[in-house]
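First up is the structure itself, then whatever we jot down about it.
The values are calculated or read from the model by the stated rules, or taken from the named source; none is laboratory data. Given the structure is predicted, the values throughout are model-derived calculations rather than measurements. All Cβ positions, glycine included, derive from the backbone under ideal geometry; neighbour counts span all protein chains shown.
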Amino acid sequence: MSSAKTTDPRARRIEDRDALCDAFLQIRDRGEAERFLKDLCTPGEIEALAERWRVVRLLDGGGKTYRQIAEETGASTATVTRVARFLMQESNEGYRLVLDRLKGTQR
């Protein structure tokens, strides 16, 4: 990461996002992850992230409609649809990467 400070707001946001990703890479276990999340996020933000991750897992498991997943998780159907799009169509494949690693497979 560059030590030079930038005044360009877009470049600053990229640097900040990169720094956050680097910070996540320093987490060694679930306890450290929980401590970091509690310091970084509000309880509501953590709940929203956990809800979204539950939606991902339910979508990946198949067999339920978006509406059923929304009812089960408390997420809006818009959130379920957005998560589904990122899980199945977007090129980031972040959800898929982590799901596969948790299942013991590598993509």
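Here are some notes:
- Screening the candidates 69, 14, 27, 46 for the property of being in contact with a Phe, Trp or Tyr (Cβ under 8 Å, 6 or more places away or on another chain), surrounded by 10 or more Cβ atoms within 10 Å (Cβ to Cβ) and at pLDDT 95 or above yields one hit, 27.
- Residue check: residue 21 meets all listed conditions (1) without any contact (Cβ under 8 Å) to a residue 40 or more places away in the chain; (2) surrounded by 12 or more Cβ atoms within 10 Å (Cβ to Cβ) but one, namely (2).
- A count restricted to the range 60-107 and to residues that are out of contact with any Asp or Glu (no Cβ under 6 Å at 6 or more places or on another chain) and not in a loop (DSSP other than H, G, I, E, B) stands at 29.
- Checked against (1) loosely packed, with under 12 Cβ neighbours inside 10 Å; (2) assigned to a helix (DSSP H, G or I); (3) among the β-branched types (Val, Ile, Thr), residue 7 meets all criteria but (2).
- Per the listing 45, 15, the residue uniquely charged (D, E, K, R) and within 28 Å of residue 77 (Cα to Cα) is 45.
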